[in-house]
1. Within segment 165-205, work out how many residues are hydroxyl-bearing (S, T, Y), within 21 Å of L48 (Cα to Cα) and in contact (Cβ under 8 Å) with a residue 60 or more places away in the chain.
2. Could you count how many residues in segment 145-201 are touching a Gly at 6+ places or on another chain (Cβ under 9 Å) and β-branched (V, I, T)?
3. Count, please, the residues in segment 164-186 that happen to be buried (at least 17 other Cβ atoms within 10 Å of the Cβ), modelled with pLDDT of 80 or more and under 19 Å from A104 (Cα atoms).
4. Report yes if V138 is outside any loop (DSSP other than H, G, I, E, B), modelled with pLDDT of 80 or more and over 30 Å from I253 (Cα atoms), otherwise no.
5. Please work out if R154 is of a type in the set (D, E, K, R) and over 30 Å from S50 (Cα atoms).
6. Suppose we filter G241, G285, G248 for residues that are modelled with pLDDT of 80 or more and within 30 Å of M175 (Cα to Cα); which single one remains?
Amino acid sequence: MTDTGQGRFSTPLRVPTDSLPRFESPLVPRNSISGRALVAVVAIMTFLASLTTGATVLVSRAAGEWQSDISREVTIQVSPAPGRDLDATVDKAVAAARDYPGIAEVQPFSKEESTKLLEPWLGSGLSLDELPVPRLIVLKIAPGVAPDFAQLKRVLSDQAPGAVLDDHRGWMDRMRTMARTAVGASIGILILMFIATMLSVTFATRGAMATNKSVIEVLHFVGAKNGFIAQHFQQHFLVLGLQGGAIGGGAAIILFLLAGFISRWFAGTAAGDQTSVFFGSFSIGLAGYVFVLVQVALIAAVTALTSRQTVNNTLEMID
């Protein structure tokens, strides 16, 4: 009640606030074209990064299995030579290897078995009698034992001249180098993908700020702190990063599961056996899937933090 100066009181008009329309919209539009485009970019980057990680896991596991198999076996080669009794030299090499400590099993290959090893490259039905095909002797190393191969070479040189020991160190060094190169290249590719994602988020954030420039200026004018504005952008782009990461990572996981199913389906065929030689069961295993999920979360975090940093830098320039 208010006094009108004439002894009368009047009641002020009150407009019920519930009847007024409210216009509430987020600081950053949720379903903008730029937002959908960023989701697609993040999904593609996550998919490619997941493929790179999965391929690295496959190569590393295959290289580890190859090294494990090769490290448990060594071979002795006896090449034909004029005046050399091949069978007698093989027998002497077998006897010397069986008496050597650390050798669990000695398996000499006959002439027919040695020739059969060449069939994958030369084909079957060929007469190789005129070719100097060496005789092979496979030595299996006892578990937990590291024989002195240098000493074994000297023993073979004394007792079976012409028998050459191959401990496959060259192959193992090449496989280690290959695995390290693959891991290094994958890390480089992942870094480039993260940089590309950060650049995309930076441009998208600046575009969103330009679109909502008037709103940001009003908030800035009435005293809103930079952290308040940056938090809205961070939450918005975190959701976009999670959406894109989930799409890209999920597609990669489905692809790896499908590849593993196909490899098991074709197991026993020539193509399947050849693939299993290089990639094993073509499964990245539980650790590989965990790496992909961690990668999805990491890309989402990078997306949110990049957006926040971009907003802070832009607002500091306005101040």
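The values are calculated or read from the model by the stated rules, or taken from the named source; none is laboratory data. Everything numeric here is computed off the predicted structure, so don't read it as measured data. Cβ sites come from the backbone with ideal geometry, for glycine too, and all protein chains shown count toward neighbours.
1. 4
2. Within segment 145-201, residues that are touching a Gly at 6+ places or on another chain (Cβ under 9 Å) and β-branched (V, I, T) number 3.
3. 1
4. Judged against the criteria, V138 is a match.
5. The answer is yes for R154.
6. G285
A quick yes/no check of all residues on (1) modelled with pLDDT of 85 or more; (2) of a type in the set (D, E); (3) outside any loop (DSSP other than H, G, I, E, B):
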| residue | (1), (2), (3) |
| --- | --- |
| G5 | no, no, no |
| R30 | no, no, no |
| L38 | yes, no, yes |
| T53 | yes, no, yes |
| S68 | no, no, yes |
